[in-house]
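Bear in mind that the values in this text are calculations on the coordinates, not laboratory data. Keep in mind the model is a prediction, meaning the values are calculated, not measured. Ideal geometry is used to build each Cβ from the backbone, glycine not excepted, and the neighbour counts take in all protein chains shown.
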Amino acid sequence: MTSACLLWLLFVTVHDFRQRRVPNWLVLAGAAVALAALAFGVQPFEVGWTSAFLGAGIGFGFLLLFYVLGLMGAGDVKFAGALGLWTGLSPLASIWIAASLLAGLHALACLALRRWPLSPRLAIFLSASPAPITGATPSGRARFIPYAAYLALATVAWMFWGRQS
């Protein structure tokens with residue numbers, strides 16, 4: 001089941017980097033597999049029902065605040081909820097911190113490349129236009145930081161290094 005989670009995280013990362021959105025079908029697929037793993041007792045991270053639902057609720061609820069403020073997309077929020085089903089509550093804070101640091105580095109790189117255009121291709125990749133239909137926040141600002149991708153990458157790091165301690 002670890003490979004199913006890794007595959008899901010890979011799909012989310014690629015999709016979010018390429019289109020700056022996480023579609024509902026991808027979030028629901030990850031949540032469904034996480035629930036199936038819990039139901040059949042093959043949850044790869046030894047998370048129980050209580051911790052999984054707390055992780056989903058806290059993951060969704062905390063990032064919902066950022067969505068309401070127009071700082072984050074709905075796909076990022078839904079992905080965080082589904083991610084909580086996989087990881088449970090305890091690693092979410094470290095995953096959020098790592099993802100936020102990665103997103104901050106992304107933002108700094110965008111700002112630096114806008115000011116000093118040394119690599120136009122990298123600048124285009126980092127500030128890629130969001131998907132045309134759902135790419136704007138309620139306030140009309142475009143989203144350039146693929147936060148779900150950074151959450152997924154931070155989760156992979158946690159899977160390989162964070163659980164060892």
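As a proxy for reagent exposure, ranking M159, M1 by other Cβ atoms within 10 Å from fewest up yields M1, M159. Here the 3J(HN,Hα) profile of the stretch 28-43, calculated from phi with Karplus coefficients 6.51, -1.76 and 1.60 at θ = phi - 60°, is 5, 4, x, 5, 5, 5, 4, 5, 5, 4, 5, 5, 8, x, 10, 5 Hz, Gly and Pro shown as x. Applying 1/(1 + (r/R0)^6) with R0 = 30 Å to the Cβ-Cβ distance of M1 and A157 gives a FRET efficiency near 0.95.
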